[in-house]
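Step one of this worksheet: look at the structure below.
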Amino acid sequence: MRKSVICMLVFAMLGIASCNKFEHQPEERILLGDVFDPTDKEGVQAKAYLFGIYSFLPNGFNRITGDMLDAATDDAVPSSETSDIRLFTNGQLTAVNYPDNNWQNSYTIIRRANVFLQNISVVPIPENLIRRFKAEARFLRAFAYFELLKRYGGIPLLGEQVFDLSDDLNLPRASYAECVDYIAMECDEIKAELPAASSPLLSTTEYGRATSEAALALKLRLYLYAASPLFNGGGVSINPQIKLLNGYPNKDNGRWARTLATAEELIAKGYHKLPAGTGTAAYANIFTTKVNTDIIFAKQSANSTSLEANNAPVGYVAPAASNGRTSPTQNFVNAFPMDTGLPYVGLTTDLNQYENRDPRLKAILFYNGVRWLSRPIETFEGGLDKPNKPFLNQTKTAYYLRKFLGDFTNATTYANQSHNFPYFRYAEVLLSYAEALNEVGRTEDAVKQITTIRARAGIKPGNNSRYGISEGIAQTAMRDLIKNERRIELAFEEHRFWDIRRWKDAGDIKNPLKGLVLHKSGTSVTATEQMLTPFHFETKYYHMPIPYSETSKNPALIQNEGYY
């Protein structure tokens, strides 16, 4: 193979664009004979092509112009005044400036998966490997379709087709129901062909590849969303045609049964569970230990210090300047219960408020006085981590994001750390199961799932071993408790943004969002509340705008209501 062709293959597999020149033919066309080679008895090039598809999955960490997606919720605000993440909360979001353009990446996954499925059979590898590889490609394709569905509602379904530039690309959107059925069918058909998570190879050389449990976790989230108020007969669109694209037109509480059945099937497989240990360290370790039983499927990346550089308080230069991109809100802090599981009812300006709280708080947040890189964090006015220098990003709330970072409490510099973004976790499975149980009236069964999570978190069981959950709790109260538990347990994993939409709660976010302003006098630090820029939400924001670059090319692609 010529050296130039090898270079092109590497770029194609890694998804790296060296320039923006116009493609006269899709890259895959040029490389098909090299990738799907009838003489490649080990399937080396085909496997590399398959692994390259994984690289197009969403990155998760700091992916919206350097910010976490949760900075567009009531849990945080961006530290930067110029971040594009503000478009989600300042009322200026349009189909032109939409900053989370997942459309292109998702359809790249879909196209490449279809190319793979059409051609892998010519590679002379064992049939069982071909079946597994095909199942992986179909999983990635289904994942991409779900990422599109949760943003836009129904989208064009391409089936197995690989389009040429001469083909008619004016494809209409399928209905929401059709998309749900298609993704669920794909998950059902591939789950037996994918290896179980208990496979020895998956804990060593093949960790990060799709498993049978990952297919079930995708199907579970699909059905959870489909049964939720926004999509289950509660659509906000007025146009009947768009209403069918954005959800089911009629409510059917029976849709929760599909969620229950999928959760129970996944739990019954038995491999995934909450790792041993309780409290702050046990929770924190989930996100810095590459292989653990809570993680069902995660974005793989090389060990690095990138998250520390992006999110740690700004007063540190270890070895490069920390950027403190994310400022969690006081509203988020207030969501954490006491370590008894009971709600916090103290003053938000009490700087002792962090003691005797849910132990996850200290794993998720930095606050003034916490030790980091061998010194206390200073988020008071003029402190090392809020110096108030011009053109410097710094906390707007007196808080920074600690979750996902390595433990550098007593270190003097950062060291490379595992930072794999979790797409699916077992804790989410339990939370989804609890939500479905509660919605079908099995509230006490839902309580059992939440107490399991709270026990791992380090909440005290109390005399009745209910971890702060009242006896005989009503369905409505339990619904609110489950929502809050998701907010805490899954914080900054890109759930809150979508949860407040599927629940139709985004329009009820209480303004203003709040932070603290700290002042130091001598050795004493005092706090006052700070009102942040209001969270601006419009009804149309329950669905994302299809990028204008797509609707302008395809007149059959109906735009979501309220966008142009």
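So that you can scan it fast, the table gives a plain yes or no per residue for (1) crowded, with 23+ Cβ neighbours inside 10 Å; (2) in contact with a Lys or Arg (Cβ under 6 Å, 6 or more places away or on another chain); (3) on the phi > 0 side of the Ramachandran plot; (4) charged (D, E, K, R):
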position	(1), (2), (3), (4)
P38	no, no, no, no
K41	no, no, no, yes
V44	no, no, no, no
Y54	no, no, no, no
S79	yes, yes, no, no
G91	no, no, yes, no
D100	no, no, no, yes
F116	yes, no, no, no
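In the set D358, D339, only one residue is under 16 Å from G458 (Cβ atoms), buried (at least 24 other Cβ atoms within 10 Å of the Cβ) and modelled with pLDDT of 95 or more; that residue is D358. Counting only residues that are at pLDDT 95 or above and either part of a helix (DSSP H, G or I) or of a type in the set (S, T, N, Q) (or both), region 531-543 holds 4 of them.
Among residues of region 318-349 being assigned to a strand (DSSP E or B) and in contact with a Gly (Cβ under 8 Å, 6 or more places away or on another chain), the one that is nearest to D480 (Cα to Cα) is M338. On the basis of being surrounded by fewer than 16 Cβ atoms within 10 Å (Cβ to Cβ) and within 23 Å of the chain's Cα centre (by Cα), does D167 make the cut? In short, no.
Out of curiosity, is I546 in contact (Cβ under 8 Å) with a residue 60 or more places away in the chain, part of a loop (DSSP other than H, G, I, E, B), over 22 Å from N356 (Cα atoms) and within 21 Å of the chain's Cα centre (by Cα)? For I546, the condition - in contact (Cβ under 8 Å) with a residue 60 or more places away in the chain, part of a loop (DSSP other than H, G, I, E, B), over 22 Å from N356 (Cα atoms) and within 21 Å of the chain's Cα centre (by Cα) - is met.
Here's the yes/no breakdown for (1) within 18 Å of the chain's Cα centre (by Cα); (2) more than 22 Å from I459 (Cα to Cα); (3) in contact (Cβ under 8 Å) with a residue 60 or more places away in the chain:
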{"residue": "K273", "(1), (2), (3)": "no, no, yes"}
{"residue": "G279", "(1), (2), (3)": "no, no, yes"}
{"residue": "Y283", "(1), (2), (3)": "yes, no, yes"}
{"residue": "I286", "(1), (2), (3)": "yes, no, yes"}
{"residue": "F297", "(1), (2), (3)": "yes, yes, yes"}
{"residue": "S304", "(1), (2), (3)": "no, yes, yes"}
{"residue": "L307", "(1), (2), (3)": "yes, yes, yes"}
{"residue": "N310", "(1), (2), (3)": "yes, yes, yes"}
{"residue": "V314", "(1), (2), (3)": "no, yes, yes"}
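Could you check region 188-206 and list, in sequence order, the residues that are surrounded by fewer than 17 Cβ atoms within 10 Å (Cβ to Cβ), of a type outside the set (D, E) and touching a residue at least 40 places away in the same chain (Cβ under 8 Å)? Of everything in region 188-206, those that are surrounded by fewer than 17 Cβ atoms within 10 Å (Cβ to Cβ), of a type outside the set (D, E) and touching a residue at least 40 places away in the same chain (Cβ under 8 Å) turn out to be A196, S198, S203. Among residues of region 381-408 that are on the phi < 0 side of the Ramachandran plot, those with a beta-carbon under 8 Å from a residue that is in a loop (DSSP other than H, G, I, E, B) and of a type in the set (D, E) at least six positions away or on a different chain give the pairs L384/E378; D385/E378; K386/E378; Q394/D385; T395/D385; Y400/D385. Filtering A177, A184, A227, A196 for residues that are at pLDDT 95 or above and over 20 Å from D252 (Cβ atoms) leaves a single hit, A196.
Here V162 clears all of (1) assigned to a helix (DSSP H, G or I); (2) over 19 Å from Y423 (Cβ atoms) except the condition numbered (1).
The values are calculated or read from the model by the stated rules, or taken from the named source; none is laboratory data. Note that the coordinates shown come from a computational prediction; the quantities given were computed from them, not determined experimentally. FYI the Cβ positions are ideal-geometry reconstructions off the backbone, even for glycines, and counts take in every protein chain you see.
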